[in-house]
Amino acid sequence: MSLLKFFSAFSAVCLLILVSQSNAVLADQKSEIACVQTFLDFWKLKPGPIDGALGAKTVRASKAFQEKRGGGLPTLSSETTYEWCQHALVSRQFARLLAGDKQPVKSFSYAKPRLSDIFIGGHGSRYEQAKRNIKNPRALELVPLADGSAAARIAVNYEDKGHPDDWLELKQPGMTQRYELTEKRKLFQRPGQTYWHRISIFIPAGTHIKDHVTLFGMHPWGKTIGLDPVFYLMIAHDWLRFQHTLDESFKCVVGPSWRGGDVSYCDADITIERLKPVYKITGKWITLVSRVYWGSKQGTYHLWMNNELVLGVKGPTHPPRTISIGNKFGVLRGYYETHGTPSPDLSIYFSKIGRAKDCKSLELLNCAQFEADIKTFGKFTVHSTKKLITREMSKYLKKGGRVRYRMY
């Protein structure tokens, strides 16, 4: 069978699979096996010839697939169909299945993914698990991608509950749960420095989020604890949002918590930028790139999504007396408005995470355009904006709350 005929038949098979398994998720094992078995049955071929054509030529086959796809494969309603069928075809582990070995496989890739594979330039050593993560051992699973990298599939469900400081937030059960990876504190970013960041996120098709899910954010730190984030990407009410205190009033004090330990109380003018409805970004990867100069007075921040400039802000990018700034990503799910009502399980994929002092170190191809954009300020692909004013610090001080130290 010629390579051209192979991919023509493969595209038809993917359409058949899409109809029968439209709810498939990236690199899901059942979907992978179904993809393999479907095209075996469709072509009425034995495993051997297919294994010989593709199984032993993984990288070459992957590149050929991408080239042919760009040359006219049909547009499918779910990008995941392409992804997991491609894995089924080119992964070395599935060569065993194609060769007739029916033993279960533990990985979909020819090399078992490591956590470091989801990061750019080996930056995985900078991260560790958040202390409040749920305890489910399957909350984090690594999934191979066709380009040799990997994605972290982070999944939470209501039954997992959460760390007491999250689950019992506001002294009520069922409030918040999380599974996040955070930068190690000794490697945090420093005020007065410029940093570039990138992260790719995949939200499966059909995902609906009525309440709040935070995907990544940056937290300024004082002497002992982290404050509320200066900006974070989240989903709320089925909208992708970017919420920030950039160029806004942001003052905090640190005092004792009713749960023990210290906690921050902040007065903040929060800007909520609605970017896109969730249905427009599900079923495909979105890549976010940002550049920040950390300054308590004259900072700057730029954000791009899928190569388009979202906004550029000039002004304070962290509160006074900030010692360092830490990055975290994952799933932080809050049930503030649907409290007490279990929500469907949620899975989100993260890949190609990186931080660097310059654009090119993040392996981005269009750094020239990004660097030209940093001279521009304003809002460009923001759907709508609203303000949220919080005065926790003022209320805390009015009640005579103890202050360990101030950050303003």
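The values are calculated or read from the model by the stated rules, or taken from the named source; none is laboratory data. Nothing here was measured: the structure is a model prediction, and the numbers come from that model. Quick reminder, even Gly has a Cβ in these numbers, built from the backbone with ideal geometry, and neighbours come from all protein chains shown.
Within segment 131-152, the residues that satisfy the criterion of being under 20 Å from Asp345 (Cβ atoms) and more than 15 Å from the chain's Cα centre (by Cα) are Arg132, Asn133, Ile134, Lys135, Asn136, Pro137, Arg138. Out of Phe202, Phe231, I need the residue that is buried (at least 21 other Cβ atoms within 10 Å of the Cβ) and within 16 Å of Leu311 (Cβ to Cβ). Which one? None of the others qualify; the one that does is Phe231. Please go through segment 359-377 and pick out each residue that is of a type in the set (A, V, I, L, M, F, W, C) and either in a loop (DSSP other than H, G, I, E, B) or surrounded by 15 or more Cβ atoms within 10 Å (Cβ to Cβ) (or both). Answer for segment 359-377, where residues must be of a type in the set (A, V, I, L, M, F, W, C) and either in a loop (DSSP other than H, G, I, E, B) or surrounded by 15 or more Cβ atoms within 10 Å (Cβ to Cβ) (or both): Cys359, Leu362, Leu364, Leu365, Cys367, Phe370, Ile374, Phe377. Pairs meeting the criteria (first residue in segment 203-232 and without any contact (Cβ under 8 Å) to a residue 40 or more places away in the chain and in the same structural domain as Gln177 (by TED's automatic domain parsing), second residue assigned to a loop (DSSP other than H, G, I, E, B) and not acidic (Asp, Glu), beta carbons under 9 Å, at least 6 apart or on different chains) are Ile225/Gly261; Pro229/Thr245.
If you take the residues of segment 162-188 that are at pLDDT 90 or above and surrounded by fewer than 19 Cβ atoms within 10 Å (Cβ to Cβ), which of them is nearest to Ile203 (Cα to Cα)? Here the residue is His163. Any residue in segment 334-346 that is under 12 Å from His197 (Cα atoms), surrounded by 15 or more Cβ atoms within 10 Å (Cβ to Cβ) and among the hydrophobic types (A, V, I, L, M, F, W, C)? Among the residues of segment 334-346, not one is under 12 Å from His197 (Cα atoms), surrounded by 15 or more Cβ atoms within 10 Å (Cβ to Cβ) and among the hydrophobic types (A, V, I, L, M, F, W, C), which makes the answer no. Among the residues of segment 196-218, those identified as at pLDDT 95 or above and either under 22 Å from Ile389 (Cβ atoms) or not in a strand (DSSP E or B) (or both) are Thr214, Gly217, Met218. Tallying residues that are touching a Cys at 6+ places or on another chain (Cβ under 9 Å) and part of a loop (DSSP other than H, G, I, E, B) within segment 229-258 yields 1.
Pairing residues of segment 310-324 that are among the charged types (D, E, K, R) with residues that are surrounded by fewer than 21 Cβ atoms within 10 Å (Cβ to Cβ), at Cβ distances under 7 Å and at least 6 apart in sequence or on separate chains, gives Lys314/Asp247; Lys314/Thr300; Lys314/Phe377. The single condition from (1) among the small types (Gly, Ala, Ser); (2) at negative phi; (3) without any contact (Cβ under 8 Å) to a residue 40 or more places away in the chain that Ala268 fails is (3). Among the residues making up segment 196-252, those that are more than 16 Å from Arg333 (Cα to Cα) and acidic (Asp, Glu) are Asp247, Glu248.
In segment 313-323 there is at least one residue that is surrounded by fewer than 19 Cβ atoms within 10 Å (Cβ to Cβ) and in a strand (DSSP E or B).
Across segment 259-271, a minimum of one residue is classified as out of contact with any Pro (no Cβ under 9 Å at 6 or more places or on another chain) and part of a loop (DSSP other than H, G, I, E, B).
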